[in-house]
Amino acid sequence: GENVEQHPSTLSVQEGDSAVIKCTYSDSASNYFPWYKQELGKGPQLIIDIRSNVGEKKDQRIAVTLNKTAKHFSLHITETQPEDSAVYFCAARGGNQFYFGTGTSLTVIP
Amino acid sequence: ETGVTQSPTHLIKTRGQQVTLRCSSQSGHNTVSWYQQALGQGPQFIFQYYREEENGRGNFPPRFSGLQFPNYSSELNVNALELDDSALYLCASSSAGGYTDTQYFGPGTRLTVL
């Protein structure tokens, strides 16, 4: 099955700086890659997603890039704000299942 | 538009007992997937229901079972609870039919097994 690895596991940035989280996947057949934000005590919230026929997608301060050849995709958050502090998960769809990374705990320091 | 809801919020059981968790899918969604999220880990796929039938299963034993009802709501049942079953159980709904597409998660049920 699919294997998704996510780095780093923790990330601290100053408010206003950028944050980058990287994921790799193993199954070249995977074709859909969502990113979720999970705040304490809540379920994961979809923040952005990308399909395998697209190399980059942007939504305001959030962007995702996908390199199919290298089998990696990244989340970029610009102009970080304290409310961006949360755990972020990447995922890859393999067949009918989603496989999640182990999460990145992002702390934005005011 | 109503989001995904789950009940109960928290649950405490003892080893060997049975538990039923419930999920109401987002309005217009006909597919429900269940995940187990252990502390500090990413969600692990348990199974998916579409058209009231199991439509894919992860690496979980048969004591994890489920149901989907005509209104697309769903139940997760776990028999013979073990200590390692303590986790956050998440339900996610989507509208792409049997081929899972964009999923939206509920708030989860926190299960503690003593």
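Readers should treat all values here as calculations from the given coordinates under stated rules, not as data from a laboratory. Here the structure is a predicted model, which is why all the values come from computation and not from measurement. Because the Cβ atoms are built from the backbone with ideal geometry, glycine has one as well, and the counts that use them run over all protein chains shown.
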(Q) For a quick check, take a GNM of chain B with Cα springs below 10 Å and name the residue from B:Thr31, B:Thr20, B:Thr102 with the largest mean-square fluctuation. (A) B:Thr102
(Q) Students often forget the sequence filter, so: which lysines lie under 24 Å Cα-Cα from A:Lys22 once same-chain residues fewer than 8 apart are removed? (A) A:Lys37, A:Lys42, A:Lys57, A:Lys58, A:Lys68, A:Lys71
Q: Give the residue from B:Thr5, B:Tyr50, B:Ser86 lying farthest towards the positive end of the charge dipole for chain B; charges sit on Cβ (+1 for Lys and Arg, -1 for Asp and Glu) and the dipole is referred to the Cα centre.
A: B:Ser86
Q | For the range A:43-56, Karplus couplings with θ = phi - 60° (6.51, -1.76, 1.60), whole Hz, Gly/Pro x | A | x, x, 10, 5, 10, 6, 9, 9, 9, 5, 8, 10, x, 7
(Q) What Kirkwood Rh does the protein assembly as shown have if only Cα atoms enter the pairwise 1/r average? Answer in Å. (A) 17.9 Å
Q | Inter-chain Cβ neighbour average for residues A:36-48, partner chain, 10 Å | A | 4
**Q.** Gained length - B:Asp101 relative to B:Arg57, 0.36 nm times residue gap less alpha-carbon distance
**A.** 14.2 nm
Q.
Using a Debye calculation, one point per C-alpha and no hydration shell, please list log10 I(q)/I(0) for the range A:26-110 at q = 0.22 Å⁻¹ in order.
A. -1.09
Q | Derived scalar couplings ³J(HN,Hα) [the range B:45-62; Karplus, 6.51 cos²θ - 1.76 cosθ + 1.60; whole Hz; x for Gly, Pro] | A | 5, 9, 6, 10, 10, 9, 6, 6, 10, 5, 10, x, 9, x, 8, 10, x, x
Q: May I ask you to order A:45-57, B:32-44 by the average number of other C-beta atoms within 10 Å around their residues, highest value first?
A: B:32-44, A:45-57
Q: List the relative contact order of chain A as a percent without decimals, with contacts defined as Cα pairs under 8 Å and 6+ residues apart.
A: 38 percent
Q | Cα centroid separation - the range B:58-82 against the range A:21-64, whole Å | A | 27 Å
Q: Return P(r) of chain B (all Cα-Cα pairs; 10 Å bins starting at 0; whole %; ordered from short to long distances).
A: 16, 51, 29, 5
Q) What are the residues whose amide H is under 5 Å from the amide H of A:Ser12, where those residues sit 5 or more places off or on another chain and H is modelled from the backbone? A) A:Thr107
Q | Cα lying deepest toward the dipole's positive end in the protein assembly as shown, options A:Ser12, B:Thr109, A:Thr78, charges on Cβ | A | B:Thr109
Q. Mind listing the phi-derived Karplus ³J(HN,Hα) values for the range A:98-110, rounded to whole Hz, using 6.51, -1.76 and 1.60 with θ = phi - 60°, and x for any glycine or proline?
A. 9, 10, 9, x, 8, x, 10, 8, 9, 10, 9, 8, x
Q) Over all residues in A:94-105, what is the mean tally of Cβ atoms on other chains that come within 10 Å of each residue's Cβ? A) 5
